[in-house]
Amino acid sequence: MPSIPFLSYEDDVIRSTPVEKLIGPSAGEMLVEDVEIDRSPMSPELRRRLRFKKMPNLVQTQVRLLPESVDAALIRPEIGSLVHPYLSHMVSTLFLISPAISDAFLSGSPPWVLCVGVGGGPLLMSLRCHLGLRVLGVEADDVVLSTARRHFGLVESEFLKIVIGDGIEFIKNYAMEISESKLFHAIMVDLDEADPMSGVGAPPLEFLEKSVLLGARRALHPDGILVVNTISSIKDIYARMIEILRSFFSELYELEVENGENCVVVATSSPIGSITKEMKHGHIFEKLKQLSCDRFIDSMRKI
């Protein structure tokens, strides 16, 4: 059996303060903690993190904490905080379908994005609050969802909805029950393998089953994309995943994350075609630029 290294988070933590310990039906024991990150000697950065006991060295969610006022001791989570290493990379992939997203806005019907795996919810809040997209999240553990609401700034609304359930089953069954007008412009999958010793990491192997990928393809808009956060310590597993995705989708793109652990894979419903100069001056590009996600666009490569 291969040796599986623990995934590690930044080791420049000055101090850690437990906020709450909880137990969820799917996630098991979990810890919410506030940590100070040594970003500079004069002004350490304060973040809130969620970790699961079954994967103690992997940070499930982290958001930046901001003071309520200059003098106040109170702090609040930054809305749509994208400090987690790979989230900005996932958001940046929307540039590939920026013309389709812009067309949807112009038609008066902002596009929907499906987020499978909510965690603390910073990805969902960023898509909704900063990009103006409509978001549907699927979270397996109601305790994780409650924690996201209380500690990480997740706020549901008419255009940000969350359902409790198995995300993989949701993808498999969704397209059988909806009309073409309710297709997703993007499906973003951020799910970990339940067994941390399997070497798979993310996504779970059952996500790659034919029925699931067919469901994802059917649930996507004709110009939509499937965006998957991947972690694997075994190269053959990653290569097999790419081979399977290639058989269901039109094109594949890859975006490696600087931490050396995550890699974001994008599968498209239709050929993207060439990236034009106009796309880098469009509405979506400007929104991505405001989030500092534009710096990852040129790193996306077709595979």
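Remarks
- The condition of being surrounded by fewer than 19 Cβ atoms within 10 Å (Cβ to Cβ) and either assigned to a helix (DSSP H, G or I) or free of Cβ contacts under 8 Å to residues at least 12 places away in the same chain (or both) holds for only one of Val155, Val91, Val143, that being Val143.
- Residue list for the stretch 245-275, restricted to those being outside any helix (DSSP H, G or I) and more than 18 Å from the chain's Cα centre (by Cα): Ser247, Phe248, Phe249, Ser250, Glu251, Ser269, Ser270, Pro271, Ile272, Gly273, Ser274, Ile275
- Checking the stretch 241-251 against the condition returns no match, with no residue being surrounded by fewer than 20 Cβ atoms within 10 Å (Cβ to Cβ), basic (Lys, Arg), at pLDDT below 95 and over 16 Å from Ile187 (Cα atoms).
- Filter pass, Phe184 being of a type in the set (Phe, Trp, Tyr), in contact with a Pro (Cβ under 9 Å, 6 or more places away or on another chain) and either surrounded by fewer than 18 Cβ atoms within 10 Å (Cβ to Cβ) or modelled with pLDDT of 90 or more (or both): yes
- Some residue of the stretch 11-26 being of a type in the set (Gly, Ala, Ser), at pLDDT 90 or above and outside the structural domain of Tyr253 (by TED's automatic domain parsing): yes
- Only one entry in Val83, Val118, Val59 is buried (at least 24 other Cβ atoms within 10 Å of the Cβ) and within 15 Å of the chain's Cα centre (by Cα), namely Val118.
- Filter result for the condition that a residue is closer than 25 Å to Leu214 by Cβ, part of a helix (DSSP H, G or I) and either in contact with a strand residue (DSSP E or B) (Cβ under 9 Å, 6 or more places away or on another chain) or among the charged types (D, E, K, R) (or both), over Ile242, Ile237: Ile242
- The selection criterion, being at pLDDT below 95 and assigned by TED's automatic domain parsing to the domain that holds Ala219, holds for Ser107.
- Test: residue in the stretch 268-280 that is in the same structural domain as Lys235 (by TED's automatic domain parsing), touching a strand residue (DSSP E or B) at 6+ places or on another chain (Cβ under 9 Å) and surrounded by fewer than 12 Cβ atoms within 10 Å (Cβ to Cβ): yes
- Test: residue in the stretch 49-61 that is in contact with a helix residue (DSSP H, G or I) (Cβ under 6 Å, 6 or more places away or on another chain) and under 21 Å from Arg128 (Cα atoms): no
The values are calculated or read from the model by the stated rules, or taken from the named source; none is laboratory data. Nothing here was measured: the structure is a model prediction, and the numbers come from that model. All Cβ positions, glycine included, derive from the backbone under ideal geometry; neighbour counts span all protein chains shown.
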